[in-house]
Structures are given as structure tokens and as C-alpha cells.
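*Asks:* Let me give you the structure first, and then I'll get to my questions.
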Amino acid sequence: MDVSFLKSLYDSSGPFASVYLDIRRITEDAPKAIELRRKARQRELADQGAPASMIEAMVRLVDEENTRRESGTLAMFAADGEVVHHEVLPGAPRVELAKYAPLPHVKPLLAQRGEPMAYMSATVDRLGGELTCVSRDGHRRVITVKPEEDFPVRKVKAGDMFRQDKQQRAAEEVWRTNAKKVAHEIAVAVDECGADLVVLAGDIRARKAVQGELPEAVLARLVDAGGVGPSLDEEIAQAVEHKREEHLAALLGQFDEQLTKGGRAVDGLEAVTDALRKGQVATLFLEDRPDSPATLWAGPHPTDVGTSADLLRELGVADPVEDRADAALIRALAGTDGDLQLLPPESLRADSGVGALLRYVD
């Protein structure tokens, strides 16, 4: 998971207010219910010592989203008297909370967002096709591929044998010509939207013809979903989830191998924070433990992270602050352009549920 989008959030000095609020509109009295939940979170922030200006900025944002009739989970983060990041996530909150702390509590946001994946679905027939590209940021683009040639498309089944044979060959040539155009458009679109997965559906002859024209790089990402039907959306969702699982399994395999041989992998808070300070972490594995008591110490810069205040003071950090371990780890990761893999509890062969694949070793 790319967490670089959080960099601008960490430009603020903090402390931060982090709020996850249910603003779903599933009943007629939703606006009133949202207001009551907002007031509850507002009181929680005040009880934790959040300044009035910060709370008021968040209240204004909730009122704005309520006016827009947004529906889902509102995640918002405030610092220095203003909301510095917010987004509405689909569905109910994984957790509804209000927290005032030195660092923003972003793990629930990332857990609910999930692992984004860019993919393409292509529905083809003997004339052309329709391509739908979904990028990692959720942007959807539909491309209609019109036929290069549209006659003849069907073979002649009766009549003069010579004429029948000629038209059959002509029809097959039209299929190949159109398939070549569709395959070209798929390859271009896959490159443009960075698709990790291509789901192909439609007429069986058209699918085979298109596959015969696709480059190897696209074929390696291809899933044949068969004919078009009401289950196509489900097929796409299953293919995307399977691809995510494959990717995670491959990363965990690398982690286990490198950890066993003492190579480019470390585990435990001490070793991982040391690697983050040096910018070594390529992928951070973090078990999603909402109630974990683990904490770390942090300074003003993303890579100011360690297991003790004394350690950071030795490194030149004047006033270290203590916060949730996951909050400090994710900030350091975002500041060093690493990727995050959130995992269920007890699923990682690593001390403290924390491990990392490294870009390099000392």
C-alpha cells in the first residue's frame, strides 16, 4: 500500500486530532443522528485537551459534509487549528473514535481503504469492445473500441460453396483485424492506468482472437472471465482479491526467506525503527492490532523514531514525544517512500507483529 499521500498531513507540526465519524444516511433521521455522534466525538476531544479552535474546524467540516449529503465514514485530521486532511470512505467505520495525540492516528483510515489495485476489465465481441480502467486512486475511465472493419462479421452457412468459402475467410479476416485493434487498445490502456490485472470477458471466439494478439506483459496479468453475464462484477471482484492475495503471499514468502537467512529482512520494533531511520525499509509489515499498547518515541521529522526517548535525544532530538507505535511507524514509512502491508493479528512470523523487507543491508 502506497502511503505517500499522507506526506502533506505530516507537514503539520501537531499535536493532531483524529476523528472517524459515521455519516451514513441509512435512516430518515440520519442528519440528527450524525449531529449527536459529532457532539459525542467533540466532547471526547475536549476531554483529551484538544483546543477549541481545532474542534471548531472539525465541526464546520462535519456540517459541510452533512449539507452535501455524503454517506459513509468521515475520516478527518486536524492540526494547528485547521483540518489538514479528510476523506469520506465507503461503508460503516471500522471504528468510530476521536483521539488527540502527538501524531495522527491513520491506521484505521488505511485499514478501511484497503490495498488499492489498478485493474482493467475488457468486454469484447467480433466487432470491438469496451474497456474499463480503474486506477489505484479509484478513477474510472471507459474506452469504446470501434471496429476497424464491420463486414462481413458472420460466416455464410449455405449457398454456393466457392462463395461460402470466400466469405468465411473474409469474416475470419475481419475478426482478426478487429481483434488486433482491441488488443492494441488494451495494451495501451493497461500501460496508461498501470493495471496490475486484466479481466477479459465476452464472445469466446473474440476472446481467443484478442488473446492471440496481446503482448506477453499483458497476458501475464490476464484472467479469462468467460462470457458476459450478471456475475461479471463478481468475477472482477474475485479476480482483484485473488491478485491481492497472490501479491501479499509473494511478499511474505520473501520476508520469511530473508529473515531465515539473515538477509534483507528484520523484525521487532527496535530493528524496524533502526531501519526506518536509515531509509532502508522497502515494505513494512504491520499487524492490525487496534488495542495494542505498544508505543514508540518520535521527533519533529518523520525518521525521528525510536524505542526510547533517550535514544532520540542521543540522535539530537530535543523533545521526543510518545505515541502509538503504528502511528510513528507509518509516519516514518511515508517519509521514506516505503510500502505498507497491513495484516490480521497473529499472521506474521515476527516479533511484536512488526517486520520489514529492506532495500539494502548495511
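*Asks:* Is it true that THR67 is under 29 Å from the mean Cα position of the chain (by Cα), more than 30 Å from GLY335 (Cα to Cα) and β-branched (Val, Ile, Thr)?
*Replies:* Yes; evaluated as a whole, the condition is true for this residue.
*Asks:* Taking region 4-36, which residues are surrounded by fewer than 16 Cβ atoms within 10 Å (Cβ to Cβ), touching a helix residue (DSSP H, G or I) at 6+ places or on another chain (Cβ under 7 Å) and among the small types (Gly, Ala, Ser)?
*Replies:* Answer for region 4-36, where residues must be surrounded by fewer than 16 Cβ atoms within 10 Å (Cβ to Cβ), touching a helix residue (DSSP H, G or I) at 6+ places or on another chain (Cβ under 7 Å) and among the small types (Gly, Ala, Ser): just SER4.
*Asks:* Could you tell me which of the residues GLU234, GLU241, GLU257 is under 30 Å from VAL361 (Cβ atoms), in a helix (DSSP H, G or I) and not hydroxyl-bearing (Ser, Thr, Tyr)?
*Replies:* GLU257
*Asks:* For ALA271, are the conditions met, namely being among the small types (Gly, Ala, Ser), open to solvent by 30 Å² or more (accessible area, probe 1.4 Å), farther than 22 Å from LEU110 by Cα and part of a helix (DSSP H, G or I)?
*Replies:* When the stated conditions are applied, ALA271 passes them.
*Asks:* For region 120-134, what are the residues that are more than 25 Å from GLU246 (Cβ to Cβ), assigned to a strand (DSSP E or B) and in contact with a helix residue (DSSP H, G or I) (Cβ under 7 Å, 6 or more places away or on another chain)? Walk me through it before giving the result.
*Replies:* Narrowing region 120-134 to residues more than 25 Å from GLU246 (Cβ to Cβ): 125-130.
From what's left, assigned to a strand (DSSP E or B): 129-130.
Hit for region 120-134 is GLY129, nothing else.
*Asks:* Here is a follow-up. Only one residue in GLY202, GLY212 is within 11 Å of GLY128 (Cβ to Cβ) and either open to solvent by 30 Å² or more (accessible area, probe 1.4 Å) or at pLDDT below 95 (or both). Which one?
*Replies:* GLY202 is the lone residue from the list that is within 11 Å of GLY128 (Cβ to Cβ) and either open to solvent by 30 Å² or more (accessible area, probe 1.4 Å) or at pLDDT below 95 (or both).
*Asks:* Another question, if that's okay. Determine, yes or no, whether PRO93 is open to solvent by 20 Å² or more (accessible area, probe 1.4 Å), over 14 Å from the mean Cα position of the chain (by Cα) and closer than 29 Å to ARG289 by Cα.
*Replies:* yes
*Asks:* Here are the criteria: (1) without any contact (Cβ under 8 Å) to a residue 60 or more places away in the chain; (2) open to solvent by less than 10 Å² (accessible area, probe 1.4 Å); (3) in contact with a Pro (Cβ under 9 Å, 6 or more places away or on another chain); (4) not charged (D, E, K, R). Tell me which single one ALA79 does not satisfy.
*Replies:* Unmet for ALA79, out of (1) without any contact (Cβ under 8 Å) to a residue 60 or more places away in the chain; (2) open to solvent by less than 10 Å² (accessible area, probe 1.4 Å); (3) in contact with a Pro (Cβ under 9 Å, 6 or more places away or on another chain); (4) not charged (D, E, K, R): (1).
*Asks:* While we're here: Which members of region 283-299 meet the condition of being surrounded by fewer than 20 Cβ atoms within 10 Å (Cβ to Cβ) and aliphatic (A, V, I, L, M)?
*Replies:* Across region 283-299, the qualifying residue is only ALA294.
*Asks:* I need the full set of residues from region 232-275 which are of a type in the set (Asp, Glu) and touching a Phe, Trp or Tyr at 6+ places or on another chain (Cβ under 9 Å), in order please.
*Replies:* Answer for region 232-275, where residues must be of a type in the set (Asp, Glu) and touching a Phe, Trp or Tyr at 6+ places or on another chain (Cβ under 9 Å): just ASP267.
*Asks:* A further question follows. For ARG141, which of the numbered conditions (1) of a type outside the set (S, T, N, Q); (2) within 18 Å of the chain's Cα centre (by Cα); (3) modelled with pLDDT under 90; (4) at negative phi fails to hold?
*Replies:* Result: ARG141 passes all but (3).
*Asks:* Let me ask something else about it. Of these, THR283, THR273, THR260, which one is over 16 Å from PRO345 (Cα atoms), of a type in the set (Ser, Thr, Tyr) and modelled with pLDDT under 95?
*Replies:* Answer to the check: THR260.
*Asks:* May I pose another question? With respect to GLN48, determine if the residue is open to solvent by 20 Å² or more (accessible area, probe 1.4 Å) and within 30 Å of ILE143 (Cα to Cα).
*Replies:* Working: open to solvent by 20 Å² or more (accessible area, probe 1.4 Å): yes; within 30 Å of ILE143 (Cα to Cα): no.
Spelling it out, it is not the case that GLN48 is open to solvent by 20 Å² or more (accessible area, probe 1.4 Å) and within 30 Å of ILE143 (Cα to Cα).
*Asks:* Out of the residues in region 326-358 that are open to solvent by 10 Å² or more (accessible area, probe 1.4 Å) and among the small types (Gly, Ala, Ser), state the one that is modelled with the highest pLDDT.
*Replies:* The qualifying residue modelled with the highest pLDDT is GLY335.
The values are calculated or read from the model by the stated rules, or taken from the named source; none is laboratory data. The model shown is predicted, which means the values in this text are computed figures rather than measured ones. When we count neighbours, we look across all protein chains shown, and the Cβ atoms used for this are built from the backbone with ideal geometry, even at glycine. These accessible areas exclude ligands, DNA and RNA; they are computed on the full protein's heavy atoms, side chains included. Shrake-Rupley method; radii C 1.70, N 1.55, O 1.52, S 1.80 Å.
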